[in-house]
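Enquirer: Here it is, the structure in full.
The values are calculated or read from the model by the stated rules, or taken from the named source; none is laboratory data. Computed from a predicted structure; not experimentally measured. In this analysis, Cβ positions are derived from the backbone assuming ideal geometry, glycine residues included, and neighbour counts consider all displayed protein chains. For the accessible areas, the whole protein counts, side chains as well, though only heavy atoms, and no ligand, DNA or RNA atoms are used. Shrake-Rupley method; radii C 1.70, N 1.55, O 1.52, S 1.80 Å.
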Amino acid sequence: MQAACDLLRCPLCAGPLDAAGSALRCPERHTFDISRHGYVSLLGGSKAVSGDDADMARARERFLGSGAYEALRERIVALAVEGIGDDAHAPVVLDIGAGTGHYLAGVLDALPRARGIALDTSVRSLRAAARGHERAVAATWDAFRPFPLADASVDVLLDVFSPRNPAEFRRVLRRDGRLIVARPTQRHLAELRAEVPAMVAIDPAKEQRLAAALEPHVREMRTELVETAIDLDAEQTRDLVGMTPSARHLDPAALAADGAGLTVTLSVLVSAYAPRSRA
């Protein structure tokens, strides 16, 4: 937890946080417990939007750990690190809706001096994120609230299949920082959605809504398409369905049923953005 706890700010008074035994504490003595699993609970008793439950978190960790999405992680890492210069400060990487911290760990591996922060509402996922990299801290937080970080404190901000808070993105990014946003195209997992009709559909207006939300706060630098066919075995197929919100709408018995694997299309747009100048 000590690796990057100094980057966090108290969500109640915005004061700096410091490790004090099994908790983080600010100068006003607001205290936030550090779980025995390694993450810190900044939300306290506040209610957050629901995140992954235990089964979803385990399915996500297994699926991403299988390497099925490695082409996507490699492209995210490449776009994230190319803008990092050789100045004296150690880069800070923030992952919003980090889940198990899979993509954050990839970026930290590529930046030996960087420190990372994983924020998510799911304590089950944060258990994995907390142990996922020695230079990262994990904390419960709701992406729709002001982030518990100082202004202009982040070099790279990752948003991979996650909620977006554009005003906060710009606030916490350094002037020369970059935002990386990954989101599915209409072709993403089309074969799986054909096999499992109850899976959540992809909004055809997603790109227009994304552009409208981000445009006042960041400017697009470039966008790349990651698209490839992935051969999944039966276990990977079940985990891929099980790690998504669609799993909440499906019969668990159907997810556990034996079956053959499936070839699916990984089709994801990955964009890099720079923060707009503050007024």
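Enquirer: Evaluate the following for residue 130: is it within 13 Å of residue 38 (Cβ to Cβ), assigned to a strand (DSSP E or B) and in contact with a Phe, Trp or Tyr (Cβ under 7 Å, 6 or more places away or on another chain)?
Expert: No.
Enquirer: Any chance you could count how many residues in the stretch 150-168 are surrounded by 20 or more Cβ atoms within 10 Å (Cβ to Cβ) and either acidic (Asp, Glu) or closer than 12 Å to residue 93 by Cα (or both)?
Expert: Total satisfying the criteria: 6.
Enquirer: Give the stretch 212-244 a look and list any residue that's part of a helix (DSSP H, G or I), of a type in the set (A, V, I, L, M, F, W, C) and open to solvent by 20 Å² or more (accessible area, probe 1.4 Å), or say none.
Expert: Selection gives 212, 213, 234.
Enquirer: List every residue pair whose Cβ atoms sit under 9 Å apart, with the two residues 6 or more apart in sequence or on different chains, where the first one lies in the stretch 211-226 and is over 16 Å from residue 77 (Cα atoms) and of a type in the set (Gly, Ala, Ser) and the second, anywhere, is assigned to a strand (DSSP E or B) and open to solvent by 90 Å² or more (accessible area, probe 1.4 Å).
Expert: Final answer for the pair search is 211/220.
Enquirer: Something else: Go through 112, 163 for me and flag whichever is under 16 Å from the mean Cα position of the chain (by Cα) and modelled with pLDDT under 95.
Expert: Result of the check over 112, 163: 163.
Enquirer: I want to confirm something. Restricting to the stretch 90-110 and keeping residues that are part of a loop (DSSP other than H, G, I, E, B) and either among the hydroxyl-bearing types (Ser, Thr, Tyr) or free of Cβ contacts under 8 Å to residues at least 40 places away in the same chain (or both), which single residue is surrounded by the fewest Cβ atoms within 10 Å (Cβ to Cβ)?
Expert: 90
Enquirer: Kindly provide the set of residues from the stretch 43-68 that are at pLDDT 95 or above and in a loop (DSSP other than H, G, I, E, B), ordered by number.
Expert: 66, 67, 68
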